[in-house]
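The values are calculated or read from the model by the stated rules, or taken from the named source; none is laboratory data. Note that the structure is a prediction, hence the values are computed from the model and not measured. Cβ coordinates were reconstructed from backbone atoms using ideal geometry, including for glycine residues, and neighbour counts include every protein chain displayed.
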Amino acid sequence: MARPLIVPPPSEQPKADPAPQQVETVAPKAIPAPPAPLAQSDAPDSWEGRVLARLEKFRRYPGAARSTRQQGVVYIRSHINRDGRVLTSSLVRSSGYPALDRAALETLRRADPLPRIPADRPDEVELAVPIEFFIR
């Protein structure tokens, strides 16, 4: 014969912890970032601006420098002939990182020829420009 199940009276029963409440966690709704402002300038087109734009197009951040988070601004000087050909180039001010300094000079080499010098300027121009390397 099976043993009967003995159930103590309710006053003697251990109080059971209520089941833990399930707290619903929901991440806040993501708000889309505002669109980046369009690059607009009321400044007239200039030869210097075109030179800087061309250099920016050919700038390459060295992978090893990026992975070690090297950042800085390199100033380079160049002599340019009427056709935009770079005759000489040199480092004016270092970023403090040889890899970035080399990359800035290589930027100038890749961008050669630069935009032609305007007719109202001398046949050869010396130009010093910053080349920026910043991780965003």
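Could you tell me whether any residue of segment 77-97 is loosely packed, with under 13 Cβ neighbours inside 10 Å and closer than 16 Å to Ile135 by Cβ? Yes, segment 77-97 has at least one match.
Would you call Ala43 at pLDDT below 95, under 19 Å from the mean Cα position of the chain (by Cα) and over 20 Å from Ala104 (Cβ atoms)? The answer is no for Ala43.
One residue stands out among those in segment 84-136 that are among the small types (Gly, Ala, Ser) and assigned to a strand (DSSP E or B): the one that is nearest to Glu48 (Cα to Cα), which is Ala128. When Ile135 is tested against (1) more than 13 Å from Arg59 (Cα to Cα); (2) modelled with pLDDT of 95 or more; (3) among the hydrophobic types (A, V, I, L, M, F, W, C), exactly one condition is not met: (2).
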